[in-house]
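A.B. asks: Following this message is one structure expressed as structure tokens.
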Amino acid sequence: MYLFRIWLLKLFVHSAPYLLRVRRQYVLELGLFVTAGLIVTIYDLLTYSFPVTSGLKVILGTLALGFFAATDLSIEHERNLYEHLKEIGEELKISGRYVPLPIKFLTVATMSIIFITVTAILIILKDIAYLGETAASIPEIARSFKIESSFVGAVFLIEIMDLIVSYSLNTKIFFDNENKALTGVAEGNLKSRVTVSTNDEFGVMGAYTNQMIFNLQQRTEELQRTQEVTILSLASLAETRDNETGAHILRTQRYVKALAEHLKHHHKFSSFLTADVISLLFQSAPLHDVGKVGIRDAILLKPGKLNAEEFEEMKKHTIYGYNALLEGQRRLGTNSFLRLGGEIAVSHHEKWDGTGYPKGLKREDIPISGRLMALADVYDALISKRIYKDAFTHDTAKEIIVKGRGSHFDPDMCDAFLAIEEEFLNIAQKYGDPATNKIPEKAEMT
């Protein structure tokens, strides 16, 4: 029957849809045990004139063992199915028609009591009959009863404990699976999913959890897209009042990200430049000049060099941008995105040696975000055409930035720029000014 079972598993269970496999495994295992009991009973009846009552006892025994074995193997199949579905990244499609867990537990408990009770009665009846048919003494019968009942009791106890352990393992797998997914969501990983592998209450809970995470992911992505569009629209509004273009926004935010990605393993910056912060830097960078909406056109659009008084007013765009984003924080509460945007707006014109504006900050007192933006903004200003100047080549811009190392720019930022200058050039070429179709030229590398 065991050899026959291997073939039947392939034919009847493994080829079936996932939803039916556990149930089919149970039916197959129980059916094999009962069939084996019937075959033995019929054989003994025909060969040895086995009493019918004895045959019924054999069938009862194989039915009891088959029930426990089939239940245990079907539970084990649920674990194997979980591992398989987890490995291939799929999940069971819940049908909504299943045997509730309380019914399963009640069935196991009821059948266990029935089998134990019936077996105990049969032992007692057998020993009573044996006492009447032989000259055995009552102590001998009592000793026989104790041995038989202890053996049968031990078998049933082992079977029941085995089912308890199996159910416990499956329950642990489900809760570990569910907790892992929910912990991932709590940590911001909206790609977490529960591997649904059972068509029961646990499966329903897992399916609803996945649906909840999916809906949250969709709404988060929609909110993020809305936020990004709003940022770009706001930044573009500021750019329309300037002699710069919207391409300046696209380039500078990518310069900032490239620098941050290169510096994230540097011991000075690794604790700050996490993946989440780099993402926020990329989103916040377009807001660096949002304060220019507060500057008069006569100054903002002046085709020549600003005089001292005009330049003092121009400097105020850093404060205007910071105050506008600070007001947003006050209305929305603590917001890392607006905080970082305000930080960039107010500090991207500060210089390493303290000669920048608006606060004259020095060295590490300048926020890292401001130091990143300072280099990105200057580089893009140098390679871009303005009313008052032509665009410089990449090499000329690089030479100016290198001269500003340790005075205008953080030396580590300059070193990072030199290490990834090809990436800067690629960004500049890919997002060149659409109005002039101008991209920076680059001399032969030396």
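Each reported figure results from applying straightforward, stated rules to the coordinates on display, with no laboratory input. Remember, predicted model here, so these are calculated numbers, not experimental data. Here Cβ is always computed from backbone atoms with ideal geometry, including for glycine, and neighbour counts include all displayed protein chains.
A.B. asks: Run the paramagnetic zone check for THR220: 7 angstrom along Cα to Cβ, then residues of segment 192-206 with backbone nitrogen under 14 Å.
C.D. replies: Flagged as within label range: 192-194.
A.B. asks: In addition: Enter the angle in degrees (range 0 to 90, nearest 10) between the Cα long axis of helix 18-48 and the first principal axis of the Cα atoms of the chain, meaning the one along which they spread out most.
C.D. replies: Long axis of 18-48 versus the principal axis of the chain: about 20 degrees.
A.B. asks: Additional query: Run the helix sum for the chain: -39,500 (n - 2.57) per DSSP H stretch of 4+ residues, divided by residue count, reported at 222 nm to the nearest 500 deg cm²/dmol.
C.D. replies: Details: 16 runs with 310 residues, N = 446.
Estimated from H runs of four or more residues: -24000 deg cm²/dmol.
A.B. asks: Quick one: Karplus J couplings for segment 197-206, per residue in order, coefficients 6.51, -1.76, 1.60, θ = phi - 60°, nearest Hz, x for Gly and Pro?
C.D. replies: Result, ordered by residue: 10, 10, 9, 8, 4, 4, x, 4, 4, x Hz.
A.B. asks: Here's another thing I want to ask about it. In a GNM of the chain with a 10 Å cut-off on Cα contacts, which of LEU60, LEU20, LEU125 has the highest mean-square fluctuation?
C.D. replies: Taking springs between Cα atoms under 10 Å, the residue moving most is LEU125.
A.B. asks: Sticking with this one: Roughly speaking, what is the centre-to-centre gap between segment 37-84 and segment 246-286 when only Cα atoms are used, to the nearest Å?
C.D. replies: 68 Å
A.B. asks: With a 10 Å Cβ neighbour count serving as the proxy for reagent exposure, in which order, fewest first, do ASP200, ASP176 appear?
C.D. replies: ASP176, ASP200
A.B. asks: Where is the GNM fluctuation largest for the chain (alpha-carbon springs, 10 angstrom cutoff): ILE158, ILE427, ILE249?
C.D. replies: ILE158
A.B. asks: Let me ask something additional. Within segment 2-214, what is the number of lysine pairs with alpha carbons under 29 Å apart, leaving out pairs fewer than eight places apart on the same chain?
C.D. replies: Count of close lysine pairs: 21.
A.B. asks: Something else about it: Which of [x] 168; [y] 236; [z] 218 is the computed volume of the Cα convex hull per residue in Å³ for the structure on display?
C.D. replies: Here volume of the Cα convex hull per residue in Å³ agrees with entry [y].
A.B. asks: Whose amide H sits under 5 Å from the amide H of PHE409, counting only residues 5 or more places off or on another chain, with H placed in the peptide plane?
C.D. replies: It is TRP352, by chain and number.
A.B. asks: Using a Gaussian network model of the chain with C-alpha springs under 10 Å, which one of ALA258, ALA285, ALA109 is most mobile by mean-square fluctuation?
C.D. replies: Answer for the Gaussian network model of the chain: ALA109.
A.B. asks: Could you name the aspartates and glutamates in cross-link range of LYS362, using Cα to Cα under 14 Å and dropping any fewer than eight places away on the same chain?
C.D. replies: Answer for LYS362, where 14 Å is the Cα cut-off: GLU350, ASP353, ASP410, listed by chain and number.
A.B. asks: Counting other Cβ atoms within 10 Å, keep those with at most 13, restrict to DSSP loop, and tell me which trypsin sites (Lys or Arg not before Pro) in segment 159-202 are left.
C.D. replies: Loop-located and lightly packed - LYS191.
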